[in-house]
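Remarks on the structure that follows.
Every number here is computed from the coordinates shown, using simple stated rules; none is lab data. Here the structure is a predicted model, which means the values were calculated and not measured. Don't worry about glycine lacking a Cβ; one is built from the backbone with ideal geometry, like all the others, and counts go over all protein chains shown.
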Amino acid sequence: MSGDGQVLVAGAGGFIGGHLVSRLLTEGQVVRAVDVKPQDEWFQVHDEAENLILDLRSADACDRAVAGTADVYNLAADMGGMGFIESNKALCMLSVLINTHLLMSARNLGVERYFYASSACVYPDYRQRETDNPGLKEGDAYPAMPEDGYGWEKLFSERLCRHFREDFGLTTRVFRYHNVYGENGTWTGGREKAPAAICRKVAEAVIGETGRISIWGDGRQSRSFMYIDDCVEGTRRLMDSDVAEPLNLGSDELVTIDELVTIVEGIAGVKLDRDYDLSAPQGVRGRNSDNELITERLGWAPAISLRDGLERTYRWVYEQVAANAPSRVG
């Protein structure tokens, strides 16, 4: 932490937020954890933190959340996987209220450092039309044509952080997260991302003995996926750095969705027949993280292999599926 005082984690009831609160507490920091959801819907609740339920789209709620804090981590947003963000563009864009009001509160209440969680969705479609994506460089975000809705909100909020730094002297840090996955996150319900969705579908096939899996798209669209531990480690490193410009935070291990399924099948010890749903949302054709700049500026880059991260994730998702499966009476 940059100074004495509490640390605010906005969006602490979410997937990344819950893991970040855990990390900060292990470091001995005093944490205020805030989310809009009822506490029984938080993915992780840490009793050592000050846990508050606040709607950060409100300026008054942001003042309450920020008061007395030295560092602010803003991970709060209304978002989910591709199925959610393609169908809820207005809701995604309304998250701009959270970042706007948090920045104003941070400026007015003397916050030392402010972190904003942006997304690879800021990158334009014309850079992501090939499956064999060479890696998105930070400068590729302009000329701008981000993902409609969610991507525009993220890109605007990045610029807002920049101008609060330039005009008001607030120290801001921005990471563009690339497809974060891991335990203690959304695994069902429509907001889950591809790794959790695939882990769930494989687990359901194993438990239900169906022998089949449904895949969105033709399976040849490509992505890189970053395990949650790398995400939290990188976030802490950036917050304590002197890097002002937005950086990628993602793995550069590119795989197709078919390859992702094959890895999870190997972990589960099964081979499934695949049904391809070409009508389902697919997003861009290929997206990968170029890690040259983060390596240069932080001397570090995500390194946990997809196989290792998925093995941990699948075991956790399998437990959730098994716990929620209807009992089978012989």
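At a glance:
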item	result
Antiparallel %, DSSP beta bridges [both residues in region 147-296], to 5	20 percent
Most fluctuating residue given options MET239, MET226, MET145, as computed from a GNM of the chain linking Cα atoms under 10 Å	MET145
Total charge dipole magnitude, the chain, about the Cα centre, Cβ charges on Lys, Arg, Asp, Glu only, Debye to nearest 20	360 debye
Along each principal axis, Cα extent of region 238-330, largest first, Å	62, 30, 21
Choice from ALA76, ALA303, ALA106 with maximal GNM fluctuation in the chain (Cα, 10 Å cutoff)	ALA303
Calculated [θ] (222 nm, deg cm²/dmol) that DSSP helices of n ≥ 4 give over the chain, each run adding -39,500 (n - 2.57)	-11500 deg cm²/dmol
Relative packing of 201-207, 6-12, 129-135, 149-155, which averages over residues the other C-beta atoms within 10 Å, highest first	6-12, 149-155, 201-207, 129-135
Angstrom value of the Kirkwood radius, inverse mean 1/r, which spans all Cα pairs in region 1-91	13.5 Å
Dipole magnitude of region 199-330 about its Cα centre (Cβ charges: Lys, Arg +1; Asp, Glu -1), debye to nearest 20	520 debye
Those trypsin sites (Lys or Arg not before Pro) in region 209-300 that DSSP places in a loop and that have at most 12 other beta carbons within 10 Å	LYS271
Helix 228-239 vs. the chain, principal-axis angle (Cα, 0 to 90°, nearest 10)	20 degrees
Members of LYS89/LYS193; LYS137/LYS201; LYS37/LYS154; LYS154/LYS193 lying beyond 28 Å, as alpha-carbon distances in this model show	LYS137/LYS201
Listed residues TYR314, ALA203, THR235: farthest to the positive end of the dipole of region 203-330 (Cβ charges)	ALA203
Exposure proxy ranking, count of Cβ atoms within 10 Å, fewest first, for SER222, SER58, SER119	SER58, SER222, SER119
Among beta bridges that DSSP assigns inside the chain, antiparallel share in %, nearest 5	10 percent
